[in-house]
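Down below is the structure, laid out as structure tokens.
The values are calculated or read from the model by the stated rules, or taken from the named source; none is laboratory data. The model shown is predicted, which means the values in this text are computed figures rather than measured ones. All Cβ positions, even for glycine, are placed from backbone atoms using ideal geometry, and neighbour counts span all protein chains on display.
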Amino acid sequence: MKSPKFLFLILALLLFAAGLAACGSVMRSRNEAESARSTKSDSQAGSTSAYDSKTTGQTPVMQQVSLKQADQSQSMAEAMNRKIIRNADLTLEVATPPEAQRKITSIAETLGGFVVTSESKQRQTGDGKQELEINLVVRVPATQFGPALDQIRSAGSRVIQEKVTGEDVTEEFIDLEARIKTQKALEAQFLEIMKDARKVPDALEVQRQIADVRTEIEKLEGRKRFLENRASLSTISVSLQSPTAIAVNTSSFGRNIREAVADSVDVASAIVLFLIRFVIVVIPILLLIVLPGYLIARYVLRRNRKMQLGREPQTESQSK
């Protein structure tokens, strides 16, 4: 049986972990409020300094520029710390798809990226011609996403379709870090309890709790690594197509007559072929089914007539 004291320690530890998570959320909200207050106080201080400069007769231009630079540096720091997953889908029209494929591969490798997949296939156009279509998926560093997109666009003669998407996962990333920190603190507490366990059932129970916590930590860290990878490397999918031929109507009256005659010849030949096929199919049916049936029916009818003729003399003799 498990010790009540030991079960009380485990319960207290679980309550402590829940309290840590709640404290973490409260601290984050307090930090956000304090940052908002500091921003407000900075703006008030800036306005006060500008007012002082006006009263003392000094030019306020230098103060305004410094505040703008501070805001820009703060916004740049926040933008660099944000985790944004950027993706793009492009469909380009190129003269020679293989050459454009080599060019895009070179662009990705030059910017520190790589090609994930490359697929080539032949597609049939409306006039029966075969055209080559190449699909590429490349990944480049997030800092090189814009230059890579511009250079890939320039590799084609025309952009048929373009789609750029971005997903901000900063909040999820921060939440994962807080949850990982809480789970690691819980694991450390369980390890301390493991050292004080004197009975085998108690040790096994603590070991099970440690295994559950470790599984949760690995799951959270895997999700965090996935977000880091997707945010650090942007994905660009490119479809390369050959120029589509424009159909020009060059028909004339004489050409229409020739086409009508050709169509009539085709129809006549199709009718003749149909009759030939019909005869070829019907002849075996006549020889194997219809003719034997006709002969059997004729034989049966003759036999019935002979039997009737044989019965008539007998009836006449009986009547006499």
**Item:** Selected residue [in contact with a Ser or Thr (Cβ under 9 Å, 6 or more places away or on another chain), of a type in the set (Lys, Arg) and touching a residue at least 12 places away in the same chain (Cβ under 8 Å)] from Lys224, Lys199
**Value:** Lys199
**Message:** Tell me the residue from Phe145, Phe190 that is within 17 Å of Ile85 (Cα to Cα) and aromatic (Phe, Trp, Tyr), please.
**Reply:** Phe145
**Prompt:** Looking at (1) at pLDDT 90 or above; (2) within 30 Å of Gly113 (Cα to Cα), can you tell me which one Glu216 breaks?
**Reply:** (2)
**Request:** Starting from residues that are surrounded by 20 or more Cβ atoms within 10 Å (Cβ to Cβ) and of a type outside the set (A, V, I, L, M), keep the ones in the range 140-158 and report whichever is farthest from Gln241 (Cα to Cα).
**Result:** Phe145
**Request:** Could you tell me whether the range 123-132 includes any residue that is surrounded by 15 or more Cβ atoms within 10 Å (Cβ to Cβ), over 17 Å from Leu240 (Cβ atoms) and not charged (D, E, K, R)?
**Result:** no
**Prompt:** Among the residues of the range 130-153, which ones are in contact (Cβ under 8 Å) with a residue 60 or more places away in the chain, over 19 Å from the mean Cα position of the chain (by Cα) and farther than 20 Å from Asn229 by Cα?
**Reply:** Glu131, Leu132, Glu133, Ile152, Arg153
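More than 30 Å from Leu111 (Cα to Cα), free of Cβ contacts under 8 Å to residues at least 12 places away in the same chain and more than 27 Å from the chain's Cα centre (by Cα), is that true of Ala188? I'd like the intermediate steps shown before the answer.
Values: more than 30 Å from Leu111 (Cα to Cα): yes; free of Cβ contacts under 8 Å to residues at least 12 places away in the same chain: yes; more than 27 Å from the chain's Cα centre (by Cα): yes.
Criteria met by Ala188.
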